[in-house]
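These notes concern the structure reproduced below.
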Amino acid sequence: MSRLENAKLETSVETVSGYPVLRVVGEIDLYTAAEFKSAIARLIDSGTKHLIVDLSNVSYMDSGGFGVLLGAVRRIRPQGGTVTLVGCTGSISRILSITRLDTIFNLCSNVEEAVERVKSKESQ
């Protein structure tokens, strides 16, 4: 079986307190980054201004995944939007810190915290 056949990424959108949350399960790499990008683009295209991405079930993310997230920031920040990452695992958090990308994204430990942060941002 080739690496592409083993590639596994699942995305779903759940509404929490009126805000869409993109839940991601699996690995985000060369083989699955396009699917990840499509899921994010669908949310942004539907009018989502504050993107919440739950990465708590992502076991691995390479530079392609981080590039997708940066592309999302470039699309929504000019309209006052934000990208909030939830539940980043140790390796993802470490890469965010080393590359200083942790200064670009809002980082939260759980979805409820992320929703409260977005609500606060919208009330400003």
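Computed values, structure above
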quantity	calculated
Over the range 1-71, equivalent-ellipsoid semi-axes from the Cα gyration tensor in Å	22, 12, 10
Calculated from backbone phi, Karplus (6.51, -1.76, 1.60) coupling profile of the range 95-104 in Hz, x at Gly/Pro	5, 4, 5, 4, 8, 6, 5, 5, 8, 8
In Hz, Karplus ³J(HN,Hα) per residue of the range 24-30 (6.51, -1.76, 1.60; θ = phi - 60°; x = Gly, Pro)	10, 10, x, 10, 10, 8, 3
Under 5 Å, built H, 5+ apart or other chain: amide partners of L107	L85
Helical mean residue ellipticity (222 nm; -39500 (n - 2.57) per DSSP H run of 4+; nearest 500) of the chain	-12500 deg cm²/dmol
Percent of beta bridges antiparallel (DSSP, the range 13-124, rounded to nearest 5)	20
10 Å Cβ shell holding at most 16 others, DSSP loop, trypsin sites (Lys or Arg not before Pro): longest site-free stretch of the chain	50-99
Phi-based couplings in Hz for the range 37-52 (Karplus 6.51, -1.76, 1.60; Gly and Pro marked x)	4, 4, 5, 5, 4, 4, 5, 5, 5, 7, x, 5, 9, 10, 8, 10
Value of relative contact order over the chain, rounded to a whole percent, pairs C-alpha under 8 Å and six or more apart	23
Degrees separating the helix 63-76 axis from the principal Cα axis of the chain, which is the longest one	30
Of [x] 14.5, 48; [y] 15.3, 52; [z] 13.8, 52, the label for Rg and Dmax of the Cα atoms in Å derived from the coordinates	[z]
Length gained when the stretch V73-R42 is fully extended (0.36 nm per residue, less Cα-Cα span)	9.7 nm
Other-chain or far-sequence residues with amide H under 5 Å of V58's (modelled H)	G26
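Any read-out appearing in this document is the output of simple, stated calculations on the displayed coordinates, not a laboratory observation. Note that the structure is predicted; figures quoted are calculated from it, not measured. When we count neighbours, we look across all protein chains shown, and the Cβ atoms used for this are built from the backbone with ideal geometry, even at glycine.
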